Amino acid sequence: MSKTPLLDLVDTPADLRKLKSKELRQLADELREETIEAVSITGGHLGAGLGVVELTVALHWIFDTPTDRLIFDVGHQAYPHKILTGRRDRIRTLRQPGGLSGFTRRVESEYDPFGAAHSSTSISAGLGMAVSSTLAGRDNRVICVIGDGAMSAGMAYEALNNAGARDENLIVILNDNDMSISPPTGAFSAYLARTTSSGTYFYMRDFAKQLASRLPKNWQRRAARVEEYTRNLWQGGVWFEELGFYYVGPIDGHDFDQLLPVLKNVRDANQGPILVHVVTKKGKGYAPAEAAPDKYHGVNKFNVVTGAQVKTKQTAPSYTRVFADSLISEAKRDDKIVAITAAMPSGTGLDLFGAAFPERTFDVGIAEQHAVTFAAGMATEGHKPFVAIYSTFLQRAFDQVVHDVAIQRLPVRFAIDRAGLVGADGATHAGSFDLAYLGCLPDFVLMAAADEAELVHMVATSAAIDDRPSAFRYPRGDGTGAELPAVGVPLEIGRGVILREGTTVALLSLGTRLADCMKAADQLATFGLSATVANARFMKPLDKDLLGRLARSHEILITVEEGSIGGFGSHVLHALAEEGWLDRGMKVRTLTLPDRFIEQNKPEVMYEQAGLDARGIVTTVFQALGMSDLERVYTEGS
Ligand SMILES: Cc1ncc(C[n+]2csc(CCOP(=O)(O)OP(=O)(O)O)c2C)c(N)n1
């Protein structure tokens, strides 16, 4: 190996393309080291990026990026790509405030032609780009890199179906590492695994090569047919070919001797949609990540030598854990309860539920839409399905929630994790909109837990609601340390609670901002302002009695929530207007997330910036009451 680090010579893919093919091995090794080193400092997605180091180098070497469009599905594997595309100097700012995103983003680089973070969008976007190129008379290539996990989503099939019936030179690279975050599920993944694990495909390819080389020259056409025959004998190709793709592979995604000639041929083929099946290993080249690809999918900062991840000090069990334990305890009492996840067993805590009730746990793959309608089907048969899902991923299944669940008034329960701001994953993963998009649905029961103890009761409440859909939301991270009840007790539907009685200011909270409301009330008291603090618990049905009491006896009402405009505050305002409670001049302010997408940061900083902490609440009160003198004293004093 040459002593000069080649990576230092590469700022952009144009530099990379100056290297000789035999130098790419060394470059890939350096790129892998740089990726490990950077993620050890920032934390983030590790295994996926390590698995595509060679593929990323080969793609940029063969194709003319950014003129050729290279799209990474999900984007969590794009760290090596970022290093090679002018962002190496900022790679240690990954996921930090003001730093590089942990996913691809158009605003970040011309080498990121499409932003991602949610999965399975790459083929659709790529086909759109390819069609646009055709219409504009350009002849650039479009390459979509999609994992076997991401390929399990309906959207990927919709795109394949569309692309296969067209002539665009779309290149889909199926990056098959036989892993999603957890081991993949489903028939398609079993099919891929069967065909690549047996070694048959290598045998068939060798056989074809040997046979071809033994044939006389004028038999070349026949040899080509033998290739074709063996290519099709490997069943993986047939499926894609039936869809209209020319299928190549599977090839070893860590071997440049296979990658370079195949990608070159594919680049020059000019014969419609092509699928290249590349087999890789998640975490490749870093022993701890190879040994435990699920644990090294996303990591905290870690020690490169030992692989040991920095443990964040846990002050209380996480909301996810409390949800899982509560559901297990409900399920022990009620054998109709089942749990469904869309490829997120560990993220949602359903791995724990699955250990307790393997037969009642369903991981349907990255298939949120299917997960919801599948749950609806089970509900029609008398089961009690809990769909455990992140707020942002449920966005994808909105029509299923409306059409398959709500309109039929089916008692599907939605356990909505990662509600509110999530930190380093940024806007794509922030659970900002579920209150708005579920609150508008008739008959839905919609709850938000103020702390983990309340979450236990909300799980019990949802389990007990058997005549309509219900949902409860809770944030990412540790609970407040609240004492957990031994058993969940169903809450009275549509009833909030008053925690502190006051006279002038009413703070009405939905969700975990309640603690900040209490703090704000303390601070207001030091300025002689008496505040009532109430926990709404339910956004739907809204507690109109409580609202009326607050409206009739306070000068100002402030709603506080971890959600966008159109959520809790909007519903409160609507109810106040309808009941005529605004007519007597009460001041109302709705504290929500701001009407813009919030950049990655620590959640507490993000909430502070959004004005949703105690300080923001107090300042809002002073401003609304026109007490600029108090506001000044408060601001200077804090
Ligand atoms: C719509 C959606 N659902 C769930 C996720 C969470 N998620 C992120 S990566 C991932 C697994 C992706 O597996 P694969 O495509 O095989 O890529 P790999 O990480 O194995 O390289 C999942 C489920 C997501 N990003 N988007």
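Values quoted throughout were computed directly from the atomic coordinates according to the rules given, and no laboratory measurement underlies them. Everything numeric here is computed off the predicted structure, so don't read it as measured data. Glycine also receives a Cβ, built like all others from the backbone with ideal geometry; neighbour counts cover every protein chain displayed.
Data for the structure
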read-out	value
Convex hull (Cα only) mean projected area of region 283-342, reported in nm² to one decimal	6.2 nm²
Size of charge dipole - region 319-473 - debye, nearest 20, with Cβ of Lys, Arg +1 and Asp, Glu -1, no other charges	60 debye
Long-range amide H partners of Val338 with built H, under 5 Å	Lys384, Phe386
Relative contact order, percent, the chain [alpha-carbon distance under 8 Å, six or more residues apart]	11 percent
Cβ-derived FRET efficiency at R0 35 Å, Val605 paired with Glu290, nearest 0.05	0.50
Where only C-alpha atoms are counted, convex hull volume of the chain per residue in Å³	180 Å³
Value of relative contact order over region 406-489, rounded to a whole percent, pairs C-alpha under 8 Å and six or more apart	41 percent
Label point distance in nm, Arg138-Val633, each placed 7 Å from Cα along Cα→Cβ	6.2 nm
Farthest toward positive dipole pole in the chain [+1 Lys/Arg, -1 Asp/Glu at C-beta], among Ala453, Ile389, Leu127	Leu127
Quarter of the Cα convex hull surface for region 518-620, i.e. its orientation-mean projected area (nm²)	6.9 nm²
Cβ-placed point charges (K, R +1; D, E -1), dipole of the chain about Cα centre in debye, nearest 20	1300 debye
Electrostatic dipole magnitude of region 463-513 [Cβ: Lys, Arg +1; Asp, Glu -1; Cα centre; debye, to 20]	240 debye
Dipole of the chain, positive end: most advanced residue of His45, Phe63, Met586 [Cβ charges, Cα centre]	Phe63
Given charges at Cβ of Lys, Arg, Asp, Glu: region 533-608 dipole, positive-most of Val560, Leu542, Asn601	Leu542
Estimated inter-spin distance, Lys3 and Val489, nm [label 7 Å along Cα→Cβ]	7.6 nm
Built amide H within the under 5 Å cut-off of Arg476, gap 5+	Arg418, Ala419
